[in-house]
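Nothing in this text is a laboratory measurement; each read-out follows from the coordinates by a stated rule. All figures in this text were calculated on a predicted structure; none of them were measured in a lab. Backbone-built Cβ (ideal geometry, glycine too); neighbour counts: all protein chains shown.
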Amino acid sequence: MASALINVPPKAKRGDIIEIKTLMSHIMETGYRHTAAGEVVPRDIITSFTCRFNGNEIFRADLFPAIAANPFITFFTTVTESGKFEFEWIGDSGFSETASASISVE
Amino acid sequence: MRRQPNSTRRQFLGLAGGAAVAGAIPIVTVRPAEATPAMLASAIRNVTGGATVKTGKVKLDVPPLVENGNTVPMTVTVAHPMAPEDHVKSIHVFNEKNPQPNIANFYLGPHNGRAQVSTRIRLADSQKVVAIAKLSDGSFWSASVDVVVTLAACTEEVI
């Protein structure tokens with residue numbers, strides 16, 4: 001059900017600063033909304049996003065209910081070698097998704 | 001035969017009372033769920049540990065007038081080198097009037113090359129958004145933007 005969109009340039013020159021764009025489809029229910037009957041809709045959000053490059057953590061974010069649905073996060077990184085980016089989203093009620101993208105550096 | 005009218009009247013009153021209670025609950029519970037400037041200050045203190053926060057270096061891009069508070073594009077840029085001995089360690093974003101003062105924390109390092117992150121946020125009211133950057137030398141820098149929101153997030157009912 002859940003799906004990720006990752007945008008990483010396939011190629012880069014050594015030492016380039018590249019932009020990485022990520023989007024994970026998720027409702028990001030805040031826990032502050034009520035049904036018409038007055039019941040609170042329980043919180044269901046992604047709480048943590050991590051990006052690793054060849055196993056080393058390069059970017060991490062803590063998310064709160066104030067992040068819009070389908071969290072879209074972009075950040076930059078310097079590339080020095082070819083390798084694989086691994087992305088991980090962790091959330092409420094056991095939510096856990098991963099994605100990966102490779103880059104070749106010349 | 002005589003009992004019938006009585007019991008329907010009782011049922012009617014019971015239902016009417018129940019409806020009134022159900023209608024009142026959201027109003028009662030939504031009110032206290034609003035971050036106050038005091039909560040904003042304490043959330044910032046949790047990050048800075050009471051250190052002084054200087055204004056500058058940080059650029060917070062949020063549209064000044066937002067039509068839909070459910071998805072507001074936001075970019076934080078810190079004008080600071082990302083060298084191993086001197087870089088931006090983290091970026092923290094806060095708000096004044098959402099139910100919670102925190103929006104997001106981003107953790108960076110020298111390998112990021114450029115201290116810039118973008119995401120989309122929710123804003124429940126017209127309010128101030130604050131971004132604070134922590135540098136590797138332990139200093140804190142901030143920027144804030146006042147945003148006017150015409151359609152608020154979070155508060156609508158689920159049908």
Label-point separation in nm, A:E57 to B:T71, each point 7 Å along Cα→Cβ:
2.9 nm
Just rank A:K13, B:K59, fewest to most, by other beta-carbon atoms within 10 angstrom.
A:K13, B:K59
Could you calculate the FRET efficiency of B:D146 with B:S118 from 1/(1 + (r/R0)^6), where r is the beta carbon distance between them and R0 is 22 Å, rounded to 0.05?
0.65
Could you work out how much longer the chain between A:R14 and A:S93 gets when fully extended? Use 0.36 nm per residue separation minus the Cα distance between them, nm to one decimal.
24.4 nm
When averaged across all projection directions, what area in nm² does the alpha-carbon convex hull of the stretch B:37-151 cover?
6.4 nm²
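Which of A:F72, B:F106, B:F140 comes first, and how do the rest follow, when ranked by fewest Cβ neighbours within 10 Å?
Values: A:F72 17, B:F106 26, B:F140 20.
Listed from fewest to most nearby Cβ atoms, that is A:F72, B:F140, B:F106.
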Along Cα→Cβ, 7 Å out, is where each label goes; now give me the distance between the ones at A:T47 and A:E29 in nm to one decimal.
1.6 nm
Over all Cα pairs of the stretch A:1-102, the Kirkwood radius sets Rh, and Rg/Rh then becomes 1.08
